[in-house]
1. Please report how far the C-alpha centroid of the range 47-117 lies from that of the range 197-213, rounded to the nearest whole angstrom.
2. Taking the Cα-to-Cβ direction at residue 233 and at residue 102 and moving 7 Å from each Cα, how far apart do the two end points lie in nm?
3. Quick check on packing: order 119-130, 36-47, 145-156 by the mean number of other C-beta atoms within 10 Å, highest mean leading.
4. Arrange the following residues from fewest to most other Cβ atoms within 10 Å of their Cβ: 89, 197.
5. Whole-Hz Karplus ³J(HN,Hα) for the range 228-242, in order, using 6.51 cos²θ - 1.76 cosθ + 1.60 and θ = phi - 60°, x for Gly and Pro?
Amino acid sequence: MRSRSTPHGAARDAARAGTLVLVLLGLLASAAWGYRPFIATDAAVVERARMEIELGYLTLVRTQGEKTFEIPQVVLNYGLAQTLELVGEFKGEEGPETGLQLVDPALSLKAVLREGILQEKAGVSVAVEMGLLLPSTVPSERRCGFEGVGIVSLRLSPFTFHLNLGGGVDREATRPFGVWGVITELPIAATVRLVGEVDGESVHGHAANNSGLLGVLWQPRWLNAVVDAGIRRRFSRGAPDWLFTTGLTFSFPLVSQERTTSR
C-alpha cells in the first residue's frame with residue numbers, strides 16, 4: 001500500500017518546497033505579474049511563446065471545524081498567439097480521511113476579444129475563456145463538464161476592476177451552474193498591490209458558494225516572480241468557512257526571442 005503523508009506533514013513539505021522554489025525563481029525566471037490567488041480572472045493573456053506558472057504551494061481550507069490542505073495548486077498559461085492562450089488547471093487536495101486526490105482539473109482557451117487597458121491601449125479590455133472540466137479522482141466527479149466565462153477589465157483610477165460572468169455544466173452530474181466574480185486592485189507601493197474579490201457559484205440543486213477574499217500581491221525587486229497571500233471568508237453556507245492561501249507566479253519563454261520575432 002502506498003503511504004500517505006498527514007496534513008501537517010504535507011504542510012511542512014509544502015513550506016520547504018516553497019522556499020526552494022523562491023530561491024530557484026530568483027535565479028531562473030523572467031519578469032512576471034501574477035494573477036493568483038483569485039477564483040475569477042482578468043482580460044489578458046500571456047505573451048506568445050511564453051509559459052506562465054501560477055503555483056499555490058499551500059492552501060488551508062476550514063469547513064465545519066475540519067481542515068483540508070490543497071497542495072499544490074497549479075495553473076499553466078501558455079501563449080499561443082498575441083491574443084490567445086492555453087490554460088491548464090490542476091489541484092492536489094489532502095483531507096483528514098481522503099488522502100491525496102486530484103480535484104478540479106480543467107483545460108481551456110482564453111482569447112482577448114478587445115484590447116484595452118491591460119494591453120496598454122485605451123478603453124476596456126474584453127476576453128472570453130471556455131473549456132473542459134476534466135474528470136477528477138473524487139469518486140463522484142468522474143465525468144467531464146464545461147465552463148464558459150466572459151471577462152471585462154476596466155480602470156477607474158486608482159482602482160482596476162475585473163468583472164466575470166459565465167456558466168456551464170458540472171463534472172458530477174452534468175448539472176447547470178452559473179458563476180460570477182468581481183476583482184478590485186489598488187496599488188499601494190511600487191511593488192505591492194492590495195486586492196479584493198467577491199465571487200459566487202450556483203449549481204442547480206445545491207447551496208450557493210459565495211465568498212470574499214482580501215489579499216496582497218508583492219513583486220520584490222530582487223525576485224522575478226510575484227508572491228501572493230490571501231484570506232477568504234464565506235458569504236453563503238455552500239462555501240468553506242475560511243480559506244488561507246499563499247503562492248507565487250513566474251514566467252519564462254519556451255522559444256527564444258529571436259525565433260519568436262522572426263516569424
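1. So the separation of the two Cα centres works out to 18 Å.
2. Each label point is offset 7 Å from its Cα along the Cβ direction, giving 3.7 nm.
3. Answer by packing, highest mean first, reads 36-47, 145-156, 119-130.
4. By the 10 Å Cβ count, ascending, the order reads 89, 197.
5. Each residue of the range 228-242 in turn: 10, 8, x, 10, 10, 10, 6, 10, 9, 6, x, 9, x, 4, 9 Hz.
Since every read-out is calculated from the coordinates, none of them should be taken as a lab result. All values reported here derive from a predicted model rather than from experimental measurement. Positions of Cβ are generated from backbone atoms using ideal geometry, with glycine treated the same way; all protein chains shown enter the neighbour counts.
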